[in-house]
Amino acid sequence: MIFTFGSFLLLLAAGAPMVFVLGVAGALTLAVTGATPLVVVAQRLYNGIDSFPLLAIPFFVLAGLIMEQGGIARAMVGLATALVGWIRGSMYMVATVTATGLSAISGSGSADTAAISSILLPEMKKRGYDLDYAAATVASAGSLGPIIPPSIIMVVLAMISDLSVGAMFLGGIVPGLIAAAGLMAGHWLYTRREPERYADAQPFELKRLATALREALPALSMPVIVVVGIIGGIVTPTEAAVLAVVAGLFIGLFVYREMTWRDLPKMMLRTAGISSAVMIIIGTASIFSWLVAIQDVPSMLAAWFAANVGSAWVFLIVVNVLLLIVGMFMESISALLILMPVLMPIAIHLGIDPLHFGVVVAINLSIGLITPPYGICLFIACTVSGRSVMQVSRVIWIPLIPLILMLLLSTYVPQVVLWLPRALM
Amino acid sequence: MLDRGARALAALPRATLTLLRRLVELTLILLVGIMVVSVLMQVLGRYVFNFSIAGASEVATFAQIWMVLLGAGYAMRERLHVSIETFVEMLPVWLARAIMVPVAILCLWFLWVVFEGGLLLIEVGAIQTSAALQLSMQVPYIALPVSAAYFGLEAALAFGAAIIGRTSVTTGGGVRVD
């Protein structure tokens, strides 16, 4: 056990890829104990990726790439400007609304942040906006990505914990929309301090909205396909993802014409690279989680928790805090793969609804995407804006407040999460 | 004359590597294409042509298994694998490089275990067939040793380059999808 833990720490500290950190620890444990033949390693690796629902990952990655390059993100910005550009601090509002729309296509907070950063941050700079707060706005808007469906975090979580991907997706909709509204309210309050700086808002015009809507209509088909497909239960999330890819390709190639057939192989190769890097970790983590399960660690911890803490409420607080801290330092997919096999059985033991718990964990990890020092959405927004993480960290707490309030609401009022999936499924 | 022959011989490993990488890239593109088309066929089959194509999801899943395993080596080459580099960034460069030696050995040992296990699974797969298409289970299992070998090659090249100081030990943390 010491040997396993030692190798885990050594590889982690040496900055080795997570795929090896988890794989070596698992394989070494088997080799040292010698009770199980090593062929189990290959077998578990294979079983970990032999899953139809996981196909949603490469498809949503590809949809995200098409969204970024095919002119879809740009059309969404146009629509959002016509929709909320009249409110004080207009570009902050536009960023939040655009990200909410893009969240319904890509399933990845970092992809959403990258897409809106490159379009909106230069514009905010031109208009003399507070660049630190602008970066914080874009990052926090991007963190809605894995809360609002589709969500790669949720696909992985559903697979580890045997939940329905569709139900998890539905569970994220209400918290995601509450968070978007809360972020906008926060920006509105923030800009109250310097109204003269944010005098660029244009009065609302129905005609402009109509024009923007007409232009964005093809782009809107992508989120509509995903959300309606999943809510209506007509297609599985994986199938919805493929339909979004096909629609996006059509729009990018023939409607907006910002893509050519030549871009396609490059995008497919990139999809393969990005998806493999994530999914191979799921494979090697399944060796790890299998070991954790056969040594009965979760039920031991669950029994300890039940005897010493006993309350689901206290457990949820502990999980909230634990995940916020883990999210600061660790990539969320790896964090999920390591922690969920232990946390989920405890939650079930304490009588917490697994679907509710799963969605809360996903929200928790999404907030980790913007917490300093290593939140990835924060990092991307800082890189594009040319500001340092330190500078932006001074204002990141402002959008963090509505996000954390939404997390607490979703954690302690389960209906916020469970109402929609129960009503529709 | 002899000199040119020797030089050509020396260039052979590099040319082979380039060819191999090109082959892997083309295979990966093809696999993504197969995945998209087969799931699309499944939906169209159900709603447009009114019959279900039983094998479509199996084809897509097998293509996914191949893509993930083979793509892991490609991701190593492109530095896409996620890693946590907070600690290693604080170390002096010589120490970071020195630590890479045992790390590389452990990683390559792991891939060797997958390679050997994969060969065993191929033997088992000879007498198994898949549920929908009645394909031999060797078809997906072959991906394990083939990919472990390719992943091992890319990993050895990447770790080697970092250890001798050709490239930096840190990779920028890889690409994220969360």
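The values are calculated or read from the model by the stated rules, or taken from the named source; none is laboratory data. The structure displayed is predicted, hence computed values, not measured ones. Virtual Cβ from ideal backbone geometry, glycine too; neighbours counted across all protein chains shown. SASA here: full protein model, heavy atoms, side chains in, ligands and nucleic acids out. Shrake-Rupley method; radii C 1.70, N 1.55, O 1.52, S 1.80 Å.
Quick check on the stretch A:318-326. Is at least one of its residues crowded, with 22+ Cβ neighbours inside 10 Å and either within 17 Å of the chain's Cα centre (by Cα) or closer than 23 Å to A:Leu408 by Cβ (or both)?
Looking for residues that are crowded, with 22+ Cβ neighbours inside 10 Å and either within 17 Å of the chain's Cα centre (by Cα) or closer than 23 Å to A:Leu408 by Cβ (or both), one finds at least one in the stretch A:318-326, hence yes.
Can you find a residue that is among the charged types (D, E, K, R), part of a helix (DSSP H, G or I) and more than 20 Å from A:Ala99 (Cα to Cα) anywhere in the stretch A:209-219?
Let us first name the residues in the stretch A:209-219 that are among the charged types (D, E, K, R), namely A:214-215.
Still in the list and also part of a helix (DSSP H, G or I): A:214-215.
Applying the additional criterion that residues be more than 20 Å from A:Ala99 (Cα to Cα) yields none.
No, the stretch A:209-219 contains no residue that is among the charged types (D, E, K, R), part of a helix (DSSP H, G or I) and more than 20 Å from A:Ala99 (Cα to Cα).
Can you tell which of A:Ala42, A:Ala27 is within 8 Å of another protein chain (Cβ to nearest Cβ), without any contact (Cβ under 8 Å) to a residue 40 or more places away in the chain and open to solvent by less than 20 Å² (accessible area, probe 1.4 Å)? Spell out the reasoning first.
On the way: A:Ala27 fails: without any contact (Cβ under 8 Å) to a residue 40 or more places away in the chain.
Within the list A:Ala42, A:Ala27, the selection yields A:Ala42.
Are any residues in the stretch A:193-218 among the small types (Gly, Ala, Ser) and closer than 15 Å to A:Val94 by Cβ, and if so, which ones?
A:Ala201, A:Ala212, A:Ala216
Has the stretch A:69-89 got at least one residue that is touching a Ser or Thr at 6+ places or on another chain (Cβ under 9 Å), within 14 Å of chain B (Cβ to nearest Cβ) and open to solvent by 10 Å² or more (accessible area, probe 1.4 Å)?
Within the stretch A:69-89, none of the residues are touching a Ser or Thr at 6+ places or on another chain (Cβ under 9 Å), within 14 Å of chain B (Cβ to nearest Cβ) and open to solvent by 10 Å² or more (accessible area, probe 1.4 Å).
Quick one: count up the residues across the stretch B:71-82 that are in a helix (DSSP H, G or I) and open to solvent by 10 Å² or more (accessible area, probe 1.4 Å).
Number of matching residues: 3.
Among the candidates A:Leu12, A:Leu62, A:Leu54, single out the residue that is within 14 Å of another protein chain (Cβ to nearest Cβ), under 23 Å from A:Val297 (Cβ atoms), out of contact with any Lys or Arg (no Cβ under 8 Å at 6 or more places or on another chain) and assigned to a helix (DSSP H, G or I).
Every option except A:Leu12 fails the conditions.
Can you tell me which residue is nearest to the other protein chains (Cβ to nearest Cβ) among those in the stretch B:43-59 that are in a helix (DSSP H, G or I) and open to solvent by 30 Å² or more (accessible area, probe 1.4 Å)? Steps first, answer last, please.
Going residue by residue through the stretch B:43-59, those that are in a helix (DSSP H, G or I) are B:43-47, B:56-59.
Filter again for open to solvent by 30 Å² or more (accessible area, probe 1.4 Å), leaving B:44, B:46-47, B:57, B:59.
On the way: B:Leu44: 10, B:Arg46: 9, B:Tyr47: 8, B:Ser57: 5, B:Val59: 11 Å.
Taking the candidates together, the pick is B:Ser57.
Checking B:Val88 against (1) more than 7 Å from chain A (Cβ to nearest Cβ); (2) closer than 20 Å to B:Gly165 by Cα; (3) more than 13 Å from the chain's Cα centre (by Cα); (4) of a type in the set (A, V, I, L, M, F, W, C), which single condition isn't satisfied?
(1)
So is B:Val36 within 12 Å of another protein chain (Cβ to nearest Cβ), more than 22 Å from B:Leu133 (Cα to Cα) and out of contact with any strand residue (DSSP E or B) (no Cβ under 8 Å at 6 or more places or on another chain) or not?
no
Yes/no per residue for (1) within 21 Å of A:Thr284 (Cα to Cα); (2) crowded, with 18+ Cβ neighbours inside 10 Å:
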| residue | (1), (2) |
| --- | --- |
| B:Trp109 | yes, no |
| B:Glu123 | no, no |
| B:Ser130 | no, no |
| B:Ser147 | yes, yes |
| B:Gly152 | yes, yes |
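For the stretch A:141-153, does any single residue satisfy the condition of being within 11 Å of chain B (Cβ to nearest Cβ), open to solvent by less than 10 Å² (accessible area, probe 1.4 Å), farther than 12 Å from A:Ala95 by Cβ and in a helix (DSSP H, G or I)?
For the stretch A:141-153, residues within 11 Å of chain B (Cβ to nearest Cβ), open to solvent by less than 10 Å² (accessible area, probe 1.4 Å), farther than 12 Å from A:Ala95 by Cβ and in a helix (DSSP H, G or I): present.
Could you go through the stretch B:17-28 and let me know if any residue there is touching a residue at least 60 places away in the same chain (Cβ under 8 Å), surrounded by 17 or more Cβ atoms within 10 Å (Cβ to Cβ) and either outside any helix (DSSP H, G or I) or under 20 Å from the mean Cα position of the chain (by Cα) (or both).
Within the stretch B:17-28, one or more residues are touching a residue at least 60 places away in the same chain (Cβ under 8 Å), surrounded by 17 or more Cβ atoms within 10 Å (Cβ to Cβ) and either outside any helix (DSSP H, G or I) or under 20 Å from the mean Cα position of the chain (by Cα) (or both).
The rows are residues; the columns are (1) within 17 Å of the chain's Cα centre (by Cα); (2) farther than 30 Å from A:Val255 by Cα; (3) of a type in the set (A, V, I, L, M, F, W, C).
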site	(1), (2), (3)
A:Ala167	yes, yes, yes
A:Pro175	yes, yes, no
A:Ala179	yes, yes, yes
A:Arg192	no, yes, no
A:Glu196	no, yes, no
A:Gln202	no, no, no
A:Leu209	no, no, yes
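Can you tell me which of (1) at pLDDT 90 or above; (2) at the interface with another protein chain (Cβ under 7 Å from one of its Cβ atoms); (3) touching a Ser or Thr at 6+ places or on another chain (Cβ under 9 Å) is the one B:Trp66 doesn't meet?
Among (1) at pLDDT 90 or above; (2) at the interface with another protein chain (Cβ under 7 Å from one of its Cβ atoms); (3) touching a Ser or Thr at 6+ places or on another chain (Cβ under 9 Å), B:Trp66 violates only (2).
Among the candidates A:Ser103, A:Ser51, which residue alone is within 15 Å of the chain's Cα centre (by Cα), hydroxyl-bearing (Ser, Thr, Tyr) and on the phi < 0 side of the Ramachandran plot? First the steps, then the outcome.
On the way: A:Ser51 fails: within 15 Å of the chain's Cα centre (by Cα).
A:Ser103 is the lone residue from the list that is within 15 Å of the chain's Cα centre (by Cα), hydroxyl-bearing (Ser, Thr, Tyr) and on the phi < 0 side of the Ramachandran plot.
Mind checking which residues of the stretch A:211-233 are more than 25 Å from the chain's Cα centre (by Cα) and either buried (at least 18 other Cβ atoms within 10 Å of the Cβ) or in contact (Cβ under 8 Å) with a residue 12 or more places away in the chain (or both)?
Within the stretch A:211-233, A:Thr211, A:Ala212, A:Leu213, A:Glu215 meet the criteria.
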